[in-house]
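Below: the structure, in structure tokens.
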Amino acid sequence: YSKRYGKNNYTIYSEELDHEANYKLTIEKGLKSAVTNNEFVLHYQPIIDLQTGEVIGMEALIRWNHPQFGLLSPDQFIPISEESGQIISIGKWVLSMACTQNKKWQEEGHPPFKIAVNISTIQLQQQNFVETVAKILEEVGLDSKWLELEVTESILMEDTEQLKENLAKLKKLGVSIAIDDFGTGYTSLSYLRQFSFDRVKIDRSFINDIVGDKNGKTITATIISLAQKLNMGVIAEGVEDDVQLSFLKKEKCDAGQGYYFSRPLPADLHRLPRSEITTV
Ligand code: C2E
Ligand code: MG
Ligand code: MG
Ligand code: MG
């Protein structure tokens with residue numbers, strides 16, 4: 001039932017609302033001890049260079065091994081943690097775990113790639129956010145060039161000074177920034193004008209529409225060419241089949257991510273190549 005959460009399709013039916021409120025309360029309460037009880041896990045999904053087929057990144061995606069509900073997807077608890085403020089400590093845990101895992105992959109001798117971490121707007125608005133990121137990188141011993149933060153344009157997103165300052169400071173630190181779910185928000189184009197983001201990730205709804213939908217093709221091709229003209233990298237999200245892949249290659253999209261290549265998996269289930277010479 002928790003799948004409904006966050007989708008705004010409430011039924012005017014008191015039992016349902018009651019259920020909804022109970023779910024929220026249970027989740028919120030459980031979140032308090034989830035970090036210390038080691039209930040969160042990160043799964044990783046590779047990001048593939050479409051020309052060479054190489055893994056150029058891994059996106060960390062959180063799951064919650066809930067004692068009562070089983071494995072929960074982020075949509076089932078991240079919005080609640082954002083409302084309650086718990087996203088701040090969860091976000092730190094994610095950053096620290098993801099950077100540690102990337103360092104581990106590098107030490108195991110795999111060709112290095114970026115670790116992509118999803119960041120809530122709430123985190124990005126924190127005054128000490130960049131210091132937190134810098135401290136984690138330092139503690140883990142990971143070079144900032146191997147970290148990419150994914151930010152979503154959300155309705156909550158306020159165009160504050162703090163946000164702009166943090167984006168500029170992150171850039172200075174050497175951390176790259178991608179806009180996630182590009183094309184679905186309200187402010188995409190004005191944000192592109194104000195900041196130089198490193199990458200855009202085309203929302204998977206457009207990739208889904210490539211097959212059989214002329215508009216899906218047009219929109220995808222337009223975002224790719226916009227990104228190229230603005231000197232940004234471009235990643236297609238949710239690549240599931242050959243038709244999408246060949247269209248993206250034809251349009252010279254840099255990178256792809258999706259079930260076609262791999263589902264998000266625990267770190268130890270990924271079969272990564274080893275490099276001849278270990279450089280890290
Ligand atoms: P996202 O960052 O856009 O992540 C991509 C989502 O698409 C993931 O869902 C992934 O499992 C799914 N996906 C990947 N390839 C395919 C495909 O080929 N087909 C389909 N249908 N889906 C695909 P997931 O893991 O459920 O995450 C949902 C969202 O939750 C993420 O969207 C992200 O916005 C948020 N999220 C995940 N982890 C974190 C986190 O650590 N912190 C924060 N703040 N948000 C997170
Ligand atoms: Mg993402
Ligand atoms: Mg996305
Ligand atoms: Mg998303």
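The values are calculated or read from the model by the stated rules, or taken from the named source; none is laboratory data. A quick note: this is a predicted structure, and the numbers were derived from the prediction, not measured. Note that each Cβ is placed from the backbone with ideal geometry, even for glycine, and that neighbours are counted across all protein chains shown. Areas reflect the complete protein model, heavy atoms only, side chains present, ligands, DNA and RNA absent. Shrake-Rupley method; radii C 1.70, N 1.55, O 1.52, S 1.80 Å.
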Residue list for the stretch 164-181, filter: more than 14 Å from ILE115 (Cα to Cα), in contact with a helix residue (DSSP H, G or I) (Cβ under 7 Å, 6 or more places away or on another chain) and more than 16 Å from ligand 1 (Cβ to nearest atom): LYS169, LEU173
Residue match in the stretch 60-81 (condition: more than 22 Å from ALA134 (Cβ to Cβ), within 16 Å of ligand 1 (Cβ to nearest atom), in contact with an Asp or Glu (Cβ under 9 Å, 6 or more places away or on another chain) and open to solvent by 20 Å² or more (accessible area, probe 1.4 Å)): yes
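Go through the stretch 43-97 and give me each residue that's in a strand (DSSP E or B), under 14 Å from the mean Cα position of the chain (by Cα) and within 27 Å of ALA21 (Cα to Cα). So that I can check it myself, show each step before the final result.
Looking only at the stretch 43-97, we keep the residues that are in a strand (DSSP E or B), and these are 43-49, 55-66, 70-72.
Retained after the next criterion (residues that are under 14 Å from the mean Cα position of the chain (by Cα)): 43-47, 57-63.
Passing the criteria: LEU61, ILE62, ARG63.
Results for (1) more than 16 Å from ligand 1 (Cβ to nearest atom); (2) closer than 26 Å to SER33 by Cα, shown as yes or no for each residue.
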residue: ASN102; (1), (2): no, yes
residue: TRP105; (1), (2): yes, no
residue: THR121; (1), (2): no, yes
residue: LEU137; (1), (2): yes, yes
residue: GLU148; (1), (2): no, no
Selected residue (only one of THR152, THR220 is more than 19 Å from GLU59 (Cβ to Cβ) and within 16 Å of ligand 3 (Cβ to nearest atom)): THR220
Residue count for the stretch 121-154, restricted to those that are in a loop (DSSP other than H, G, I, E, B) and either open to solvent by less than 10 Å² (accessible area, probe 1.4 Å) or modelled with pLDDT of 95 or more (or both): 4
Of the criteria (1) part of a loop (DSSP other than H, G, I, E, B); (2) within 15 Å of ligand 2 (Cβ to nearest atom), which one PRO111 fails: (2)
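Considering only the stretch 245-260, I want to know if a residue exists there that is assigned to a helix (DSSP H, G or I), surrounded by fewer than 18 Cβ atoms within 10 Å (Cβ to Cβ) and under 21 Å from the mean Cα position of the chain (by Cα).
First pass over the stretch 245-260, keeping only residues assigned to a helix (DSSP H, G or I): 245-250.
From what is left, the residues that are surrounded by fewer than 18 Cβ atoms within 10 Å (Cβ to Cβ) are 246, 249-250.
Filter once more, so that each one left must be under 21 Å from the mean Cα position of the chain (by Cα): none.
Within the stretch 245-260, not a single residue is assigned to a helix (DSSP H, G or I), surrounded by fewer than 18 Cβ atoms within 10 Å (Cβ to Cβ) and under 21 Å from the mean Cα position of the chain (by Cα).
Within the stretch 193-230, work out how many residues are closer than 27 Å to GLN162 by Cβ, part of a helix (DSSP H, G or I) and open to solvent by less than 20 Å² (accessible area, probe 1.4 Å). Talk me through it step by step, then tell me what you get.
Here is the first cut: in the stretch 193-230, the residues closer than 27 Å to GLN162 by Cβ are 193-201, 203, 227, 230.
Right, trim to part of a helix (DSSP H, G or I) and you get 193-194, 227.
With open to solvent by less than 20 Å² (accessible area, probe 1.4 Å) added as a condition, the list becomes 227.
Looking only at that region, the number is 1.
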Criterion violated by GLY91 - all others in (1) open to solvent by less than 50 Å² (accessible area, probe 1.4 Å); (2) without any contact (Cβ under 8 Å) to a residue 24 or more places away in the chain satisfied: (2)
The lone exception for ARG271 - which of (1) buried (at least 17 other Cβ atoms within 10 Å of the Cβ); (2) over 17 Å from the mean Cα position of the chain (by Cα); (3) under 25 Å from LYS104 (Cβ atoms) it fails: (1)
Subset of the stretch 227-280 [of a type in the set (Lys, Arg), more than 30 Å from SER196 (Cα to Cα) and without any contact (Cβ under 8 Å) to a residue 12 or more places away in the chain]: ARG271
